[in-house]
Amino acid sequence: MELYLKNGYLDMQRIIESDFPFIFIAAARGTGKTYGALKYFYKHKQTIIHLRRTQKETDLQNKKAGSSYKSVMEDLGRDYSISSANNLGTVYDEEGNTIAYNMALNTFASVRGMDFSNINYVFFDEFIAEPHVRKIKAEGFSLANFYESVNRNRELEGREPLQLICAANSVNMANDIFLYFDLITHAEEMLQTGEEYREIGNKLLIIPQHSPISEKKAKTALYKAVNSEFSEMAIKNKFILNDQSYVKKRPVTEYRCIIQLGDLFIYEHKSRNEYYVTFQKGKCKDIYTNGYADRQRAKRALWRFVGFYMDGLIRFESFNCVALFEKYFDL
């Protein structure tokens, strides 16, 4: 698949028309994810759900000054309006046709009773939380539940499934949505090989690593001024919250198994103050299942491991282990 237009931006039409029910795009800033998707849907007369993580983000979308449609409609020479009530925003074009429903994942329950049977596309913008944004509990489950509520039984009725397009900047590979949809290992492998897209069953994962736009942006004033961490996320599409020096397979013979936490096994190093979290099974006395009650019990009993994690004393076999560990401890 050719990911880029001649002007260097992402070819969102080609991506959307690939017809995967689930599309996940983790791309650098300014590569045309949001603009390209919203322009495509408007030009093809598709009313969409424009989903954001929080109601605060959606409230900003419900104002014309903060709306992602602003540049799209200006470029098309079209006017638009937005009304909002009960956590739901509705975007109209100048003829009064509905362009989109703005809503938030964390307040979707308040509008769940609405009939979205005419909606064929959901565009989930900024689905990976940035460092300053608070996480939503059980985010992957919440998204799956949202999809089921909107999709309903349309496939049983012979209709095509709802298409969910998730787009974000590459901030944290070990996010709960990647974990829930089993994408973390694939993302790791793609970053290592330079692969820019991968088909995984009915899912399409896109991680652009050779964006022509990003190469041009590297020469602009901001990216000459800021530190390398921000530049690597915004231009080189690196997942800045994932330090690979802490994540690699290690020989468990150097450690002793002390705790089982769901599918994770926590080992303590035999000679230094270091811990290793892995899926490799070991015999240990302290065992906690991944059931809700046991997870709560583990959080109380193993509180010191939050400090170990913050102090950089824990190593991980993979980013899947990181994501599960953070999920168990609400980090």
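FYI, it's all coordinate maths here, none of it is from the lab. Values in this document were obtained by computation on a predicted structure and should not be read as measured data. Cβ sites come from the backbone with ideal geometry, for glycine too, and all protein chains shown count toward neighbours.
From Cα pairs below 8 angstrom and at least 6 apart in sequence, can you work out the relative contact order of the range 55-125, rounded to a whole percent? Provide the component values of the computation, followed by the final result.
Numbers: 78 pairs, mean separation 18.5, N = 71.
It rounds to 26 percent for the range 55-125.
In a Gaussian network model over the chain where Cα atoms closer than 10 Å are linked, find which of K285, K64, K248 has the largest mean-square fluctuation.
Looking only at K285, K64, K248, the largest GNM fluctuation is found for K285.
Compute the helix-to-body angle for 139-151: its Cα long axis versus the longest principal axis of the chain, expressed 0 to 90° and rounded to tens.
Roughly 40 degrees between the two axes.
What is the dipole size for the chain, taken about its Cα centre, with +1 at each Lys and Arg Cβ and -1 at each Asp and Glu Cβ, in debye to the nearest 20?
Values: 45 positive and 42 negative charges, 205 e Å.
That gives a dipole near 980 debye.
Label the range 1-65 by shape, choosing from rounded, prolate and oblate, from the square roots a ≥ b ≥ c of the eigenvalues of the Cα gyration tensor; if a/c is under 1.5 it is rounded, and otherwise prolate applies when a/b is larger than b/c, oblate when it is not. Could the numbers behind the result be given before it?
Working: a/c = 1.76, a/b = 1.57, b/c = 1.12.
Since a/c reaches 1.5 and a/b is larger than b/c, the shape of the range 1-65 is classed as prolate.
Return one number: the angle in degrees, 0 to 90 and rounded to the nearest 10, between the long axis of the Cα atoms of helix 33-43 and the longest principal axis of the Cα atoms of the chain.
30 degrees
Using the structure shown, list the pairs from K56/K203; K203/K249; K56/K137 with a Cα-Cα distance above 22 Å, or answer none.
On the way: K56/K203 29 Å; K203/K249 27 Å; K56/K137 16 Å.
From the list (K56/K203; K203/K249; K56/K137), the Cα-Cα distance tops 22 Å for K56/K203; K203/K249.
How much FRET efficiency would the formula 1/(1 + (r/R0)^6) give for E157 and R112, where r is the Cβ-Cβ distance and R0 is 22 Å, rounded to 0.05?
Working: r = 20 Å, r/R0 = 0.90.
Approximately 0.65, to the nearest 0.05.
Using the crude model of +1 on Lys and Arg Cβ and -1 on Asp and Glu Cβ, and no other charge, please compute the dipole size for the range 245-328 relative to its Cα centre, in debye to 20. The partial results should precede the final answer.
Values: 16 positive and 9 negative charges, 31 e Å.
The calculated dipole for the range 245-328 is roughly 160 debye.
Counting Lys and Arg as +1 and Asp and Glu as -1, what is the net charge of the other residues whose Cβ lies under 15 Å from the Cβ of G96? Please report the intermediate quantities before stating the final value.
Details: positive: K45, R78; negative: D79, D93, E94, E95.
The answer is -2.
Taking only Cα atoms and a 10 Å spring cutoff, compute GNM fluctuations for the chain and point out the largest among L313, L204, L76.
Result: L76 has the largest fluctuation of those listed.
What aspartates and glutamates sit close enough to K283 to cross-link, taking a C-alpha to C-alpha distance under 19 Å and skipping anything fewer than 8 places away on the same chain?
Excluding near neighbours in sequence, the set is E254, D263, E268, E274, D294, E317.
Which angle from 0 to 90°, rounded to the nearest 10, does the C-alpha axis of helix 319-328 make with the longest principal axis of the chain?
90 degrees
If you plug each phi of the range 72-80 into the Karplus form 6.51 cos²θ - 1.76 cosθ + 1.60 with θ = phi - 60°, what whole-Hz ³J(HN,Hα) values come out, in order, with x for Gly and Pro?
4, 6, 5, 5, 8, x, 10, 9, 7
State the extension gain, in nm to one decimal, for the chain segment bounded by F308 and R29, taking 0.36 nm per residue of separation less the distance between their alpha-carbons. Numbers along the way, then the final one.
Values: separation 279, 0.36 × 279 = 100.44 nm, distance 3.29 nm.
Length difference between fully extended and current span is 97.1 nm.
Express the relative contact order of the chain as a whole percentage, based on alpha carbon pairs under 8 Å and six or more residues apart in sequence.
Details: 568 pairs, mean separation 57.2, N = 331.
It rounds to 17 percent for the chain.
What residue among T34, T58, T289 has the largest mean-square fluctuation in a Gaussian network model of the chain, using Cα springs under 10 Å?
It is T289.
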